[in-house]
Amino acid sequence: MAASAVEGAAVTALRSVLLRVRHAAERAGTRPGRVRVVAVSKTKPDSLIRQVYDAGHRCFGENYVQEIVQKAPQSNKAKTLLGGVPNLALFEGVDNEKIANCLDRAVSNLGRNPLKVFIQVNTSGEASKSGIDPSGCVRLAEYVKLRCPNLDFSGLMTIGMPDYTSTPENFRTLSNCRVEVCKALGMAEDECELSMGMSGDFEQAIEMGSTNVRVGSTIFGSRDYSKKLPN
């Protein structure tokens, strides 16, 4: 398929996703504008991303940013990477104090406004996934809120199992975590976002309270892992 056709298909797919998001939000009794759609463009060419940007979408996600920081939170590479993304609005992968401290220092050194962060919670219990155990999310949220002045704790994030068999349970667990975190921090629940739901389950996630969905392959097509990512 020609590149221009692929790019056109991505814009069409984006519009379809946004319509599905609106309908799911309406079913959940949520304002559609409250649900953020992050277009995850990992491995995709700049021209394809630009096409979606030119169609009016402004929220993009590059998972490798989180992967690098999570794997080497104390490295100069992680700090340099964050410094090279001045428009980074949100980091969803905080799952331990080292990452929180690294981000806090990097933001301070840049002299920018506080960076919004979500705490990643491993609700499926899979060893292959990053994320703090649900039992530890209150303590980590308190640490970020009280010890990291350059970070703005804004919500919780999770990734369910690939086969979606535990999706409802995973989403309920994250919602329960929010109740406990908000109680401990004295926050209103609507001030603590839930980031859950990807290409295969974002509608169900919205119906269960998600305000941030990460949609990649449904918009851009399958990932091409032959493209070398930053290492």
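The values are calculated or read from the model by the stated rules, or taken from the named source; none is laboratory data. A quick note: this is a predicted structure, and the numbers were derived from the prediction, not measured. Virtual Cβ from ideal backbone geometry, glycine too; neighbours counted across all protein chains shown. The protein model used for the area step is the full one, side chains on, heavy atoms only, and it has no ligands, DNA or RNA in it. Shrake-Rupley method; radii C 1.70, N 1.55, O 1.52, S 1.80 Å.
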Quick one: is residue 131 without any contact (Cβ under 8 Å) to a residue 40 or more places away in the chain, at positive phi and open to solvent by 30 Å² or more (accessible area, probe 1.4 Å)? no
Just the residues that are basic (Lys, Arg) and either modelled with pLDDT under 70 or touching a strand residue (DSSP E or B) at 6+ places or on another chain (Cβ under 6 Å) (or both), please, taken from the range 48-101. 71, 77, 79
Filter pass, residue 155 being under 27 Å from residue 31 (Cβ atoms), modelled with pLDDT under 95 and out of contact with any His (no Cβ under 9 Å at 6 or more places or on another chain): no
Residues that are at pLDDT 95 or above, under 20 Å from residue 134 (Cβ atoms) and β-branched (Val, Ile, Thr): find the helices (runs of 4 or more DSSP H) completely inside the range 160-228 holding 1 or more of those. 167-185
Every residue in the range 27-44 that is within 12 Å of residue 209 (Cα to Cα) and either aromatic (Phe, Trp, Tyr) or part of a loop (DSSP other than H, G, I, E, B) (or both), please. 29, 30, 31, 35
Residue check, residue 189 open to solvent by 10 Å² or more (accessible area, probe 1.4 Å) and in contact (Cβ under 8 Å) with a residue 40 or more places away in the chain: no
